[in-house]
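Only one structure is covered here, and it is reproduced in the block below.
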Amino acid sequence: MNKFEPITLGDFCSVSSGFAFKSEQFSENSNDTFLVKGSNLGHRVIRWDEGPWWDSSDYEKLRRYQLVVDDVVLAMDRPIVGGQLKFAWIRKSDPKSLLVQRVSCLRAKKDSDQVFLRYVIASPAFLQYIDTITTGVNVPHISGPDIRKYKFNLPLQEDRQKIAAILSTYDDLLNNNLERIKLLEEMAQITYEEWFVRMKFPGFEEVELDLETGLPIGWKTQTLRELTSYINRGVAPKYVESEGFPVINQKCIREHLVNFTESRLTASDHKVPEDKLLQSLDILVNSTGTGTLGRVAQLFDCPDKATVDTHVTIVRPSGDVSAYWLGRSLEAIEPFIVNLGKGATNQQELGRNDLADIVKLNTPTEDLMARFDDFARPIFETITNLLNQNVLLKEARDILLPRLMTGMIDIDKVELPAALLERINKQNNNETNIG
């Protein structure tokens, strides 16, 4: 008996689209019901903080469009962005949500196949299929019938369960790491605010205030230029879909984290000025556009000879300034930085000199900055380790996925993520000991 059975997606699952909610009735209240639409749907992620929302009193009336745990959602307009499919699935921790027009919800005919369905959609074969059938010039799109026509080879029920269990274990660990990173970042920011905004730093009770400045004695107000050794935008690279020279653009920065894999420089563009090569603990500020203008991210680990493009400004702390303190300070004043943008609404720019000379911070004593360094360093070292773990987990998952879906490898011999990380840690420790 064959291990696979040819089937269409329409025979395997239902495909339904969302409701045409009127934008003028969108809510900005994050306590209302979230609307999943193309603008907040990314690759394997729904950006729950971006909105919009809908009056929760209508939730029960819109039962047909309610999303439940493990539902797979797929963008029908611009379904592929940057070579990645815009799809995700609903997790247990996600808020109540409704589906918006031009986004589809996929539900397996058998409940036991719902998690496996996620990996049918995540497979490179489905991405290639969508890329082939996408139509439209101004707004590339696909239809419900297009999605239903996709043909694939369906493994046996027992194999489907094993495949889903293996790949979901990778995804669950990836998500757990991201949750841990979020909590660690919040811990660092809360402590920063306690010490440097509410002025409840260690020993604050014994410190006298300067009557002229209103600050603790020893503190001073300084411009960003005075606190840094370098502030400048990056280079204007040519992008190619290949391995090469890492370059960060404004789309790579989200929620204070940096993605090094989004874009690359060609070999001919390797002549980057030495001062524009990124260093650990550099702070990056998005300097153009809307929505992302003013967003801040700090580098805690970066590849050799990475840089940024002209849409991002490098802010490099001076040697006598705590880089951890400066990074948290700029994150805390993101709304102020955004307001420094000039130009048309959709073409706003953040001038380097405005950033350097208008942004002013109340600088604590070197001793207090050193104490904050001691507190923050292990937190961000842990974050870096978790980010590196996620890189390895993603690589392993993305190699496994097509091989499992096509039966190229024996399911029973697949290495689970915990074993993978343990093996890599042992290898790293052995290399360190040898060194």
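The values are calculated or read from the model by the stated rules, or taken from the named source; none is laboratory data. Predicted, not measured: the structure shown is a model, and the values here were computed from it. Glycine gets a Cβ as well: all are built from the backbone with ideal geometry, and neighbour counts include every protein chain shown. What goes into the accessible areas is simple: the full protein's heavy atoms, side chains included, and nothing from ligands, DNA or RNA. Shrake-Rupley method; radii C 1.70, N 1.55, O 1.52, S 1.80 Å.
Details
Residue by residue, here is whether (1) closer than 26 Å to F372 by Cα; (2) at pLDDT below 95 holds:
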| residue | (1), (2) |
| --- | --- |
| S287 | no, yes |
| G294 | yes, yes |
| Q298 | yes, yes |
| V315 | yes, no |
| G319 | yes, yes |
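- Selection count where residues are over 20 Å from A122 (Cβ atoms), free of Cβ contacts under 8 Å to residues at least 24 places away in the same chain and open to solvent by less than 50 Å² (accessible area, probe 1.4 Å), scope the range 137-151: 0
- Helices (runs of 4 or more DSSP H) enclosed by the range 272-362 - at least 1 residues per element that are in contact with a helix residue (DSSP H, G or I) (Cβ under 6 Å, 6 or more places away or on another chain) and not acidic (D, E): 323-332, 352-358
- Residues that are more than 16 Å from V139 (Cα to Cα), surrounded by fewer than 16 Cβ atoms within 10 Å (Cβ to Cβ) and either modelled with pLDDT under 95 or not aromatic (F, W, Y) (or both) are absent from the range 76-83 altogether.
- The condition of being assigned to a helix (DSSP H, G or I), in contact (Cβ under 8 Å) with a residue 60 or more places away in the chain and surrounded by fewer than 16 Cβ atoms within 10 Å (Cβ to Cβ) holds for only one of E395, E381, that being E381.
- Filter result (modelled with pLDDT of 70 or more, open to solvent by 40 Å² or more (accessible area, probe 1.4 Å) and within 21 Å of the chain's Cα centre (by Cα)) within the range 210-253: K251
- Just one residue in the set T292, T307, T288, T313 is touching a residue at least 24 places away in the same chain (Cβ under 8 Å) and out of contact with any Leu (no Cβ under 9 Å at 6 or more places or on another chain); that residue is T292.
- Boolean, E50 is part of a strand (DSSP E or B), open to solvent by 40 Å² or more (accessible area, probe 1.4 Å) and either modelled with pLDDT under 95 or on the phi < 0 side of the Ramachandran plot (or both): no
- Test for Q114: is it open to solvent by 70 Å² or more (accessible area, probe 1.4 Å) and among the polar types (S, T, N, Q): no
- Subset of the range 44-89 that is among the aliphatic types (A, V, I, L, M), in contact with a strand residue (DSSP E or B) (Cβ under 7 Å, 6 or more places away or on another chain) and touching a residue at least 40 places away in the same chain (Cβ under 8 Å) - its residue that is farthest from I121 (Cα to Cα): L62
- Some residue of the range 57-66 being modelled with pLDDT of 95 or more, assigned to a strand (DSSP E or B) and either of a type in the set (V, I, T) or surrounded by fewer than 20 Cβ atoms within 10 Å (Cβ to Cβ) (or both): yes
- Pick from the range 87-108, criterion open to solvent by 30 Å² or more (accessible area, probe 1.4 Å) and outside any strand (DSSP E or B), ranking: nearest to D171 (Cα to Cα): R91
- Filter result for A165 (under 27 Å from the mean Cα position of the chain (by Cα) and either surrounded by 17 or more Cβ atoms within 10 Å (Cβ to Cβ) or at pLDDT 95 or above (or both)): no
- Filtered residues of the range 12-40 (kept if of a type in the set (S, T, N, Q) and either touching a residue at least 12 places away in the same chain (Cβ under 8 Å) or open to solvent by less than 20 Å² (accessible area, probe 1.4 Å) (or both)): S14, S16, S17, S23, Q25, S27, N29, S30, N31, T33, N40
- Filter pass, F152 being aromatic (F, W, Y), touching a strand residue (DSSP E or B) at 6+ places or on another chain (Cβ under 9 Å) and over 22 Å from V414 (Cβ atoms): no
- Filtering the range 289-327 to residues that are under 18 Å from I379 (Cβ atoms), small (G, A, S) and either touching a strand residue (DSSP E or B) at 6+ places or on another chain (Cβ under 8 Å) or open to solvent by 10 Å² or more (accessible area, probe 1.4 Å) (or both) leaves A297, A323, G327.
- Counted residues, the range 80-134 - those being at positive phi and either among the acidic types (D, E) or under 22 Å from the mean Cα position of the chain (by Cα) (or both): 2
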